[in-house]
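Below is one structure; the comments refer to it alone.
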Amino acid sequence: MGLVNFLTAIDLIVHSPLATMEPIQLFDPASSTYTYILFDPDSRDAVIIDPVDDQLQRDLDVLQANGLRLLWSIETHAHADHVTSAGRLVEHTGARSAAPQGCGIGTAAMQLQHGDELQFGAQTLRALHTPGHTAGSMSFVWRNHVFTGDTLLIDGCGRTDFQSGSARDLYRSLTQVLFALPDETIVWPGHDYRGRQHSTIGQERQHNARVAGRSEAEFVALMDSLNLPRPRRMDEAVPANLSSGLRHDAGGDALLAPRPPEGANAGTYAGDVPAELAWQWVQEDRSVLVDVRTDAEREWVGFVPGAVPVAWKQWPGMAPNPDFDAQVRAAAEGGKSLVLLCRSGVRSIAAAQRATALGLTAYNILEGFEGDPDEQAHRGVKGGWRKRGLPWRQK
Ligand SMILES: [Fe+2]
């Protein structure tokens, strides 16, 4: 290689966007939370890490201004200090949500395990299980960057005194997982309360005030002695974040009791129940949730984890399912009542009536999965399981 060619090659390395690729770092002043947008410069495919509910419009604007297509909304953990916008981002952008498997965020489409990789364009984001702040917490590695959530902060670390936290686990996550990354890896924390933006693994390994130079026992003793106040929004934030920030806005009276069927339907099935009550019964193990929609609807629109699929009718042609009786009897084994879910609460009445005729106790879930269509014939906006923020996923 001649000298000129050699210099050109060097110049390309130094100035190519790949050599300087950095995340877009965004800040929520109310919670001191950092949100990150990473993107592939060629395809413009993007991911967002730890988006905040109050900043939804800002994040949508940043995506649009940069011509980015959001593929994934990713959580480092179930936050206690702010509510995620993941659920609403997914609705606005068509992105999918991903969360650590151990965090109990049942609404996330992808439940991440250690080592899982998310692709966006030619880029890869790798998940590292870094428990301690919470049992499910993860960090994410992209190129020479690591996004550490509340596991590793600049000159600090996340607390370990609630939400399944463990100082012992955190010590191991810090010293054995994160500090095993190359020293020059850039650390992008989930918070900073003093305006610092990033650090490096080498800096934190050598100087982090909580962990550098401390044995595991010393670190545990330090963490146990912190006596931190409860986060201001904890009681609101944690439950909301377990459903990707889609709030459980059930009216109190809606939860009181099932309603007997009226008019021509009187006496033909056990009754109508709001989605929240149906879900409560399922969690109390009193009822089995039966999804009577078609396979195609569950595949394409979304499904409720743990629901038993017993189609009332099937594509093509919406022909009656010949195995309905046998399948719905099997679902009710053990004598539990059934709560039946369809798209908008019509098919599930017919199915509940049939199940009742078979001698089972069957309730219709009001509004179905998607609710009735609005004036624009759009579903999912006027109520329904999904709109009410109950757990569901998409394949
Ligand atoms: Fe946290």
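The values are calculated or read from the model by the stated rules, or taken from the named source; none is laboratory data. Since the structure is predicted, the reported quantities are computational estimates derived from the model, not experimental observations. Cβ sites come from the backbone with ideal geometry, for glycine too, and all protein chains shown count toward neighbours.
A quick yes/no check of all residues on (1) within 28 Å of GLY121 (Cβ to Cβ); (2) not acidic (Asp, Glu):
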site: VAL146; (1), (2): yes, yes
site: ALA167; (1), (2): no, yes
site: LEU178; (1), (2): yes, yes
site: GLY190; (1), (2): yes, yes
site: GLN197; (1), (2): yes, yes
site: ASN208; (1), (2): no, yes
site: SER215; (1), (2): no, yes
site: GLU218; (1), (2): no, no
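Return the residues of the range 115-137 that are of a type in the set (Ser, Thr, Tyr) and within 16 Å of the ligand (Cβ to nearest atom); say none if nothing qualifies. If you could, list the steps in order and put the result at the bottom.
Filtering the range 115-137 down to residues of a type in the set (Ser, Thr, Tyr) leaves 124, 130, 134, 137.
Residues satisfying the conditions are THR130, THR134, SER137.
Residues checked against (1) out of contact with any Ser or Thr (no Cβ under 6 Å at 6 or more places or on another chain); (2) within 12 Å of the ligand (Cβ to nearest atom):
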{"site": "SER139", "(1), (2)": "no, no"}
{"site": "VAL146", "(1), (2)": "no, no"}
{"site": "ILE154", "(1), (2)": "no, no"}
{"site": "ASP161", "(1), (2)": "yes, yes"}
{"site": "ARG172", "(1), (2)": "yes, no"}
{"site": "PHE179", "(1), (2)": "yes, no"}
Q: From the list VAL83, VAL52, pick out the single residue that is farther than 19 Å from PRO391 by Cβ, within 16 Å of the ligand (Cβ to nearest atom) and either of a type outside the set (Phe, Trp, Tyr) or at pLDDT 95 or above (or both).
A: VAL52
Q | Criterion: hydroxyl-bearing (Ser, Thr, Tyr) and closer than 26 Å to GLY87 by Cβ - qualifying residue of SER337, SER344 | A | SER344
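For (1) buried (at least 16 other Cβ atoms within 10 Å of the Cβ); (2) among the aliphatic types (A, V, I, L, M); (3) under 30 Å from ALA307 (Cβ atoms), each residue gets a yes or a no:
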site: THR175; (1), (2), (3): yes, no, no
site: ALA217; (1), (2), (3): no, yes, no
site: SER225; (1), (2), (3): no, no, no
site: SER243; (1), (2), (3): yes, no, yes
site: GLU262; (1), (2), (3): no, no, yes
(Q) Of everything in the range 29-41, what is at pLDDT 95 or above and either more than 23 Å from ILE186 (Cα to Cα) or assigned to a strand (DSSP E or B) (or both)? Give them in sequence order. (A) THR33, TYR34, THR35, TYR36, ILE37, LEU38, PHE39
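Could you tell me whether SER139 is out of contact with any Leu (no Cβ under 7 Å at 6 or more places or on another chain) and either under 20 Å from ASN208 (Cα atoms) or surrounded by fewer than 16 Cβ atoms within 10 Å (Cβ to Cβ) (or both)? Don't jump to the end; show me each part of the working.
Working: out of contact with any Leu (no Cβ under 7 Å at 6 or more places or on another chain): no; either under 20 Å from ASN208 (Cα atoms) or surrounded by fewer than 16 Cβ atoms within 10 Å (Cβ to Cβ) (or both): yes.
In short, no.
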**Q.** Every residue from the range 86-103 that is within 16 Å of the ligand (Cβ to nearest atom) and out of contact with any Gly (no Cβ under 7 Å at 6 or more places or on another chain)
**A.** ALA99
Q) What's the number of the condition ASP183 fails, among (1) over 20 Å from ASP116 (Cα atoms); (2) assigned to a loop (DSSP other than H, G, I, E, B); (3) out of contact with any strand residue (DSSP E or B) (no Cβ under 7 Å at 6 or more places or on another chain); (4) away from the ligand (no atom under 11 Å from the Cβ)? A) (3)
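Okay, residues lined up against (1) touching a residue at least 12 places away in the same chain (Cβ under 8 Å); (2) part of a helix (DSSP H, G or I); (3) closer than 23 Å to ASP81 by Cα:
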| position | (1), (2), (3) |
| --- | --- |
| GLN197 | yes, no, yes |
| GLU204 | yes, yes, no |
| ALA209 | yes, no, yes |
| ALA212 | no, no, no |
| PHE219 | yes, yes, no |
| LEU222 | yes, yes, yes |
| LEU228 | yes, no, yes |
| PRO231 | yes, no, yes |
| ASP235 | no, yes, yes |
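Residues in the range 261-307 that are over 25 Å from LYS395 (Cβ atoms) and either touching a Cys at 6+ places or on another chain (Cβ under 8 Å) or aliphatic (A, V, I, L, M) (or both): how many?
Residues of the range 261-307 that are over 25 Å from LYS395 (Cβ atoms), as a first pass: 261-274, 277, 280-281, 284-286.
Restricting the remaining residues to those that are either touching a Cys at 6+ places or on another chain (Cβ under 8 Å) or aliphatic (A, V, I, L, M) (or both) gives 264, 266, 270, 273, 277.
Qualifying residue count, the range 261-307: 5.
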